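The values are calculated or read from the model by the stated rules, or taken from the named source; none is laboratory data. Everything numeric here is computed off the predicted structure, so don't read it as measured data. Here the Cβ is made from the backbone with ideal geometry for all residues, glycine too, and neighbour counts use every protein chain on show.
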Amino acid sequence: MAACREAPPPARAVDFTLLQSWSYQAGLAGMPKGVAELDGREVRLRGRAFPVEPSTFLLVAADAPWVNVPCQDAPSVLSWVRVVVRASDLPPQGALVDCVGQFAVRENVVDGDCLDVYSLAATSVRMQ
């Protein structure tokens, strides 16, 4: 008789409120423990997709005010998650999506500017 395997735990639902609960500082200084603990975990995020490359889109909170209304200040790098998918899974601009995958908390710095802090290697992307 084969041994029973336990099912993996379900992906943790994460809200943008948690991700934006702190002020970005270089080196991730001041990052809350609850955010740091997400690194390497399987999570579920919901929001709007904005493709930026053939297999990458930025996921933002569905109710992010700066998405449809011009704002004076640029949004914080904590306002989006860079999601990497198969090119065939790339959602259309502005689509509401539900994403599951491995979450990473790391500064993505190019030429001295932090482009993003959060990324998700998506295993599932579903349009809502």
ASP73 being modelled with pLDDT under 90 and acidic (Asp, Glu) | yes
Meets criteria (of a type in the set (S, T, N, Q) and either part of a helix (DSSP H, G or I) or touching a His at 6+ places or on another chain (Cβ under 7 Å) (or both)) for SER88 = yes
Could you grab the pairs with beta carbons closer than 9 Å, sequence gap of 6+ or different chains, first residue in region 47-66 and over 18 Å from VAL117 (Cα atoms) and of a type in the set (Asp, Glu), second one part of a loop (DSSP other than H, G, I, E, B) and at pLDDT below 95?
-> none
Please work out which one of (1) part of a strand (DSSP E or B); (2) modelled with pLDDT under 95 is the condition ALA64 fails and give its number.
-> (1)
Determine, yes or no, whether ALA64 is among the small types (Gly, Ala, Ser), surrounded by 13 or more Cβ atoms within 10 Å (Cβ to Cβ), over 25 Å from PRO10 (Cβ atoms) and in contact with a strand residue (DSSP E or B) (Cβ under 9 Å, 6 or more places away or on another chain).
-> yes
Could you identify the single residue in PHE103, PHE50 that is in a strand (DSSP E or B) and out of contact with any Asp or Glu (no Cβ under 9 Å at 6 or more places or on another chain)?
-> PHE50
In region 1-60, the residues that are loosely packed, with under 10 Cβ neighbours inside 10 Å and among the hydroxyl-bearing types (Ser, Thr, Tyr) = THR17
Could you tell me whether any residue of region 30-43 is under 13 Å from the mean Cα position of the chain (by Cα) and either assigned to a strand (DSSP E or B) or aromatic (Phe, Trp, Tyr) (or both)?
-> yes
Reported set for region 73-97 where residues are more than 19 Å from GLU53 (Cα to Cα) and under 12 Å from the mean Cα position of the chain (by Cα) is LEU78
How many residues are over 25 Å from PRO65 (Cβ atoms) and exposed (fewer than 13 other Cβ atoms within 10 Å of the Cβ) if we restrict to region 77-108?
-> 4
Flag for LEU115 being farther than 17 Å from GLY47 by Cβ and part of a strand (DSSP E or B) | yes
